[in-house]
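This report concerns only the one structure given below.
The values are calculated or read from the model by the stated rules, or taken from the named source; none is laboratory data. All of these numbers come straight from a predicted model, not from anything done at the bench. Heads up, the Cβs are rebuilt from the backbone with ideal geometry, glycines too, and the neighbour counts pull from every protein chain shown. Only protein heavy atoms, including side chains, enter the accessible area calculation; ligands, DNA and RNA are left aside. Shrake-Rupley method; radii C 1.70, N 1.55, O 1.52, S 1.80 Å.
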Amino acid sequence: MIVLGIETSCDETSAAVVEETGNDVRPWRIRSNIVASQVDIHREWGGIVPELSARQHVRDICGVVEQALGDAGSPTIDAVAVTQGPGLVGSLLVGVSFAKAFAWTRGVPIIPVHHLAGHIESLVLHGGEMPLPAVVLVVSGGHTNLYRIAAPGSYELLGRTRDDAAGEAYDKVAKMLHLGYPGGPVIDRLARSGNERAVAFPRMRLTHADRNAPDLPGTRDFSFSGLKTSVLRHVTARRSELGLTAADPLPEKETLDICASFQRIVVETLLDRLIDAARWYQAHSIGIAGGVSANSRLRADAEERGRARGIPVFVPDPALSTDNAAMIAAAGLRRFRGGLEPFIEINAQASLVL
Ligand code: KG4
Ligand code: ZN
């Protein structure tokens, strides 16, 4: 089976062709994976502008799909997998509408995919099937979710952020320090030259009841808004002590130290929760997916902590960690294999739950 994947939930227009291999360990092979990033368009605004994003997807989608099909050798497509949600509704609609038209004209089924199922399956695409049960952390600009996978294709939500996503915290801290957008890659790079003990930012504390998801025990939740606020307080205080205005950058050494100190807390918080859940659920493997899994410190520390416990750690190749359609095609194949009735009448869902 060969699947065309389409992803337009946020600021990347992506199309990919992924095929089944018939191999149980490495079930899928990527034949092409094209990503047109809109980062340069949104950088000017310091974050994603939804209307600009939707319009750019409209401009890019046909060319991106054509290139993905061409690079794959123009194979016969058996099904189309598309991100149905969650994401920006105008952006999702471009991919969903395109996928419906493509599926209808070719007479093939359409498989709606949850964006985070795509991130989870990026781990299998890169590293092969994960020994189950597995515990997987999906960390991106919009999500910080912890899942347990007891059977292939079944994703049980164990906890998630109550406020900011980890990637969002990176982006906001970068903005405070005038480091540009997106913040993750630049903070990752600068943190390597800073002193991670220079500033004592607080560890996460969950003191408030979780009103949004009373059905979750809440003990595996995350929170990053307190950390973000404490970085803002520190930066504001230092600017005032140094007689700088809000538009001025802090001295370089201080910026490096803030990046390193902030990153240490984020990485420790994420890994503490992940390892704790892995132990509790006796996981046979752990995984980290989503844009923030590209973080060099997070990857290195996860591998070290996994090694110390004798548990294999799955992290995608950096190219598969940020949004791409190959992971959507893989999640589509997983869903199709589970015996799902393919439906043509789907719609975009901005707040789709996994
Ligand atoms: O998964 P993704 O591409 O899009 C969403 O679904 O949100 O993730 C984007 C997020 C951004 O917040 C970006 O700052 C963050 O991933 N990111 C990183 C790194 N590379 C990207 N965060 C930390 N370290 C990185 N190296
Ligand atoms: Zn994503």
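Quick notes
- Residue among V108, V96, V18 with the largest mean-square fluctuation in a Gaussian network model of the chain, springs linking Cα atoms under 10 Å: V108
- Counting only the Cα atoms, the stretch 229-354 fills a convex hull of 187 Å³ per residue.
- Residues considered: P202, P109, P131. Largest GNM mean-square fluctuation over the chain, using C-alpha springs under 10 Å, is found at P202.
- Percent antiparallel among DSSP beta bridges (both partners in the chain, rounded to 5): 60
- Share of carbon and sulfur in the accessible area of the stretch 1-44 stands at 44%, probe radius 1.4 Å.
- Candidates S321, S32, S122, ranked by Gaussian network fluctuation over the chain, Cα under 10 Å, top entry: S32
- Dipole of the stretch 118-194 [Lys/Arg +1, Asp/Glu -1 at C-beta], most positive-end residue of G118, V138, L179: L179
- Accessible carbon and sulfur surface of the stretch 99-146 relative to its total accessible area, %, 1.4 Å: 59
- For the chain, excluding the exposed loop sites themselves (trypsin sites (Lys or Arg not before Pro), DSSP loop, at most 10 other Cβ atoms within 10 Å), the longest remaining stretch covers 1-196.
- Note on the stretch 159-304: the C-alpha convex hull projects to 9.4 nm² when averaged across all orientations.
- Compactness of the stretch 40-172 is given as radius of gyration and Dmax, 16.9, 45 Å, from Cα positions.
- Within the straight-line cut-off of under 21 Å between alpha carbons, the lysines reachable from K172 are K228, K253, sequence neighbours fewer than 8 places apart in one chain being disregarded.
- Amide H contacts of G47 (H built 1.01 Å from N, under 5 Å, at least 5 apart or other chain): none
- Accessible area in square angstrom per residue, the chain, 1.4 angstrom probe: 43
- Column: log10 I(q)/I(0), Debye, Cα scatterers of the stretch 125-167, q = 0.28 Å⁻¹: -0.96
- DSSP loop chymotrypsin sites (Phe, Trp or Tyr not before Pro) with at most 13 other Cβ within 10 Å: longest gap in the chain: 46-342
- Between the stretch 101-157 and the stretch 238-290, the Cα center-to-center distance that results, in Å: 26
- Calculated over the chain: convex hull of Cα atoms, volume per residue (Å³): 135
- Using just its DSSP H runs of length 4 or more, each adding -39500 (n - 2.57), the chain gives a mean residue ellipticity at 222 nm of -14000 deg cm²/dmol after division by all residues.
- Overall dimensions of the stretch 251-319, expressed as equivalent-ellipsoid semi-axes from the Cα gyration tensor (√(5λ), whole Å, largest first), are 25, 13, 9.
- The apolar share of the surface of the stretch 225-354, taken as the fraction of accessible area on carbon and sulfur atoms (1.4 Å probe, ligands and nucleic acids excluded), comes to 54 percent.
- Ordered from largest to smallest accessible area (heavy atoms of protein chains, 1.4 Å probe), the residues D221, D24, D276 come out as D24, D276, D221.
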